[in-house]
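Here the structure is laid out as structure tokens; the discussion comes afterwards.
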Amino acid sequence: MQPKSNIVHLPVYQPGKPVEDVKRELGLTEVIKLASNENPFGYSEQAKTAIMEELGNLNIYPDGASVELTAALADKLGVGTDQVIFGTGSSEIILMIARAFLVPGDETIMADETFAQYKHNAEVENARVIEVPLRDGKHDLPAMLAKVNGRTKIIWICNPNNPTGTIVSRRELGEFLKQVPGNVLVVLDEAYGEYIDDSEYPDGVQLLQDHRNLIVLRTFSKIYGLASLRIGYGIGHPDVIRFTNQVREPFNTTRAAQAAAKASIGDDAFIAYCREQNKQGIVYLCEQFDRMGLSYFPAYGNFVMVDVQRPSPEVFDALLRRGIISRARWTYYPNHIRISVGTREQNEKFISALEQVLQEETVQG
Ligand SMILES: *Cc1c(COP(=O)(O)O)cnc(C)c1O
């Protein structure tokens, strides 16, 4: 057997630890997972109804082109139906973009600490990954621009950035897009965009008219709370969407996912509720970090990256023994953990566990 030489060294994706594993391994009855930026408030009741109505059709292939969902979403966003593509999460859109645009030797530019799937999929295609250091946890757009050359195919911008939670502003992104050559594709990942109501935060969809080389990624996994159904989407110029569609699997998204997504985009009240709860959660967590003298990056999504002032694997393990699953081991932030915003009760339990952990003289590993 001879696999592609460039994939042999690739790590298998390490997800946040599942609650069940932690309960079993540590003999705990209550475990709180704040590791994968999932929605602690569930998902829309209307989505639940829509899924149940689909249960009678499991023997029928889904509509590969997601025609009804596409129409509903395009209408909501004010774009053409030829400007939308669905994937099994926006992760699959990332995969399709890499597959459609990158050949070995192409260069692709991204931040050094960002969503891992950009680099992973670029490496599968044997493209050259150019990583540009974040500045104060933020994308350094001028530095990224300076790396563009004749071999550059794709630039990835995660806004807000996972894991740091920072955003690039409307003005910064506008300046950047003006200068990126038209033959370089810019991927703007807005997985957490619905959480933000800040006039500084640019709405990628509004930028599409002026920038044919832009594709915006969004997902139903985060604020919509449908992570297990695996559905996300890309919005872009019809040409970009067509190329991406050309490498899409015929029946990638399921009937249940399409139906739930369509119902969810009609339930603005649920989204508004989650946005408000999340905002209160961020305020609470940041107040507590301030009180404890811990610094953190400005948090725009549903997670906070906080400096715990000691090696993060130790803090991760100590929190785990207290039933809290966090995310640690960041390459460029060895003393930070990323914590998802939970319910009020979960946030309080996390803070009290963190306080105990940090008060211990030495953390046992
Ligand atoms: C969670 C996330 C995604 C997409 O997740 P899917 O479940 O595949 O839709 C994409 N980008 C970022 C930055 C994320 O955090």
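The figures follow:
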item	result
Label zone at ARG310 (point 7 Å along Cα-to-Cβ), backbone N below 12 Å, segment 328-354	354
Virtual spin-label span in nm between HIS9 and ASP197, 7 Å along Cα→Cβ	4.8
Candidates per GluC sites (Glu not before Pro) in segment 187-257, loop by DSSP, up to 14 other Cβ within 10 Å	GLU200
ASN126-GLU360 pseudo-label distance in nm [points 7 Å out on the Cα-to-Cβ vector]	4.8
Estimated vicinal HN-Hα couplings, Hz - segment 176-187 in sequence order (Karplus 6.51, -1.76, 1.60; Gly, Pro = x)	4, 5, 4, 9, 5, x, x, 8, 9, 7, 10, 9
The chain: relative contact order as a whole-number percent, Cα under 8 Å and 6+ apart	23
Rounded to the nearest 10 Å², the accessible area of GLU131 at probe 1.4 Å	70
For the chain, built as a Gaussian network whose Cα springs stay under 10 Å, the top-fluctuating residue of THR49, THR254, THR219	THR49
Under 20 Å from LYS4, Cα to Cα: lysines that are on another chain or at least 8 residues apart	LYS119
Coil-residue GluC sites (Glu not before Pro) of segment 275-365, DSSP, other Cβ within 10 Å capped at 15	GLU360, GLU361
Separation of alpha-carbon centers, segment 170-210 and segment 29-73, rounded to whole Å	27
Max mean-square fluctuation residue, GNM over the chain, Cα-Cα springs under 10 Å, options ASP197, ASP307, ASP82	ASP197
Most mobile listed residue (LEU319, LEU26, LEU69) in the chain, GNM with C-alpha springs under 10 Å	LEU26
13 Å Cα-Cα reach of LYS178 towards aspartates and glutamates, excluding residues that sit fewer than 8 places from it in its own chain	ASP210
Stretch in the chain that is longest and holds no chymotrypsin sites (Phe, Trp or Tyr not before Pro) that DSSP places in a loop and that have at most 15 other beta carbons within 10 Å	42-250
Distant-in-sequence amide H partners of GLU107 (H built 1.01 Å from N, under 5 Å)	ARG128, THR152, LYS153
Cα gyration tensor, segment 1-96 - rounded (a/c under 1.5), prolate or oblate	oblate
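The values are calculated or read from the model by the stated rules, or taken from the named source; none is laboratory data. Fair warning: this is a prediction, and the values are worked out from it, not measured in the lab. Cβ atoms come from the backbone with ideal geometry, glycine included; neighbour counts cover every protein chain shown. Heavy atoms of the whole protein, side chains included, go into the accessibility calculation; ligands, DNA and RNA do not. Shrake-Rupley method; radii C 1.70, N 1.55, O 1.52, S 1.80 Å.
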